[in-house]
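S.K.: The structure that follows is given in the form of structure tokens.
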Amino acid sequence: MSLHLTEEEYSALQAKRRNERATVKSRAEGSFASMRNNAAGQRLEGRIQAACGYYRDQGRAYVEKIPEPFRTTHTYRDGTFTGRFIANAQPDFMGILADGRGICFEAKHTGADRINQNVVTKTQWESFENFCRD
């Protein structure tokens, strides 16, 4: 069986294939970037937790990481799982300084030279405002 395409049909088919390859590449790059950013964010939180431990050991502050309100809904044999958030997120860290003042803050990592305000959720911002009232 022989397939005959006009030059226009062949060009359209080639363009479609290029678009499909670009989409697959874009998804893979996005997935890799997401994994890289997640790892960098976890390293940042690890450093913050180490600093909090240092200040706790010095008697200067007691600050804890607030767990995410997340529940696992199913665990698979390969160790992967599915889950869902069960409440609005709170600030990442909360605690008290040795002089009795409270402290709460959010840990955010970015590879850019600035970070936008909108990465903090409305609920997190309200927690900051409530926690920091005089």
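The values are calculated or read from the model by the stated rules, or taken from the named source; none is laboratory data. Just so you know, these numbers come straight off a predicted model, no measurement behind them. Quick reminder, even Gly has a Cβ in these numbers, built from the backbone with ideal geometry, and neighbours come from all protein chains shown.
S.K.: How do the pairs read when you match residues in the range 75-90 that are touching a residue at least 24 places away in the same chain (Cβ under 8 Å) and of a type in the set (Gly, Ala, Ser) with residues anywhere that are surrounded by 10 or more Cβ atoms within 10 Å (Cβ to Cβ) and assigned to a loop (DSSP other than H, G, I, E, B), using Cβ under 7 Å and keeping only pairs 6 or more apart or on different chains?
M.R.: Ala89/Glu68; Ala89/Pro69; Ala89/Thr121
S.K.: Show the residue pairs meeting these rules: Cβ distance below 8 Å; 6+ apart or different chains; first residue within the range 21-48 and more than 30 Å from Tyr62 (Cβ to Cβ); second residue surrounded by 10 or more Cβ atoms within 10 Å (Cβ to Cβ) and modelled with pLDDT under 75.
M.R.: Pairs that qualify, where the first residue is more than 30 Å from Tyr62 (Cβ to Cβ) and the partner is surrounded by 10 or more Cβ atoms within 10 Å (Cβ to Cβ) and modelled with pLDDT under 75: there are none.
S.K.: Here is a check on your reading of the model: is Arg36 surrounded by fewer than 13 Cβ atoms within 10 Å (Cβ to Cβ) and either under 30 Å from Ala98 (Cα atoms) or within 20 Å of the chain's Cα centre (by Cα) (or both)?
M.R.: Taking the combined requirement at face value, the residue satisfies it.
S.K.: Could you say whether any residue in the range 116-128 is among the aliphatic types (A, V, I, L, M) and closer than 20 Å to Ser34 by Cα?
M.R.: yes
S.K.: Which residue pairs have Cβ atoms under 7 Å apart, sit 6 or more places apart or on different chains, and have a first residue in the range 97-121 that is free of Cβ contacts under 8 Å to residues at least 40 places away in the same chain and a second that is part of a strand (DSSP E or B)?
M.R.: Here the result reads Leu97/Ala61; Leu97/Ile103; Ala98/Ala61; Gly102/Ile96; Cys104/Phe93; Cys104/Met94; Phe105/Phe93, each pair linking the range 97-121 to a residue that is part of a strand (DSSP E or B).
S.K.: In the range 85-115, how many residues are more than 24 Å from Asn38 (Cβ to Cβ) and aliphatic (A, V, I, L, M)?
M.R.: 4
S.K.: Next up: Considering every residue within the range 8-29, establish whether at least one is out of contact with any helix residue (DSSP H, G or I) (no Cβ under 9 Å at 6 or more places or on another chain), under 30 Å from Lys65 (Cβ atoms), at pLDDT below 80 and not in a loop (DSSP other than H, G, I, E, B).
M.R.: no
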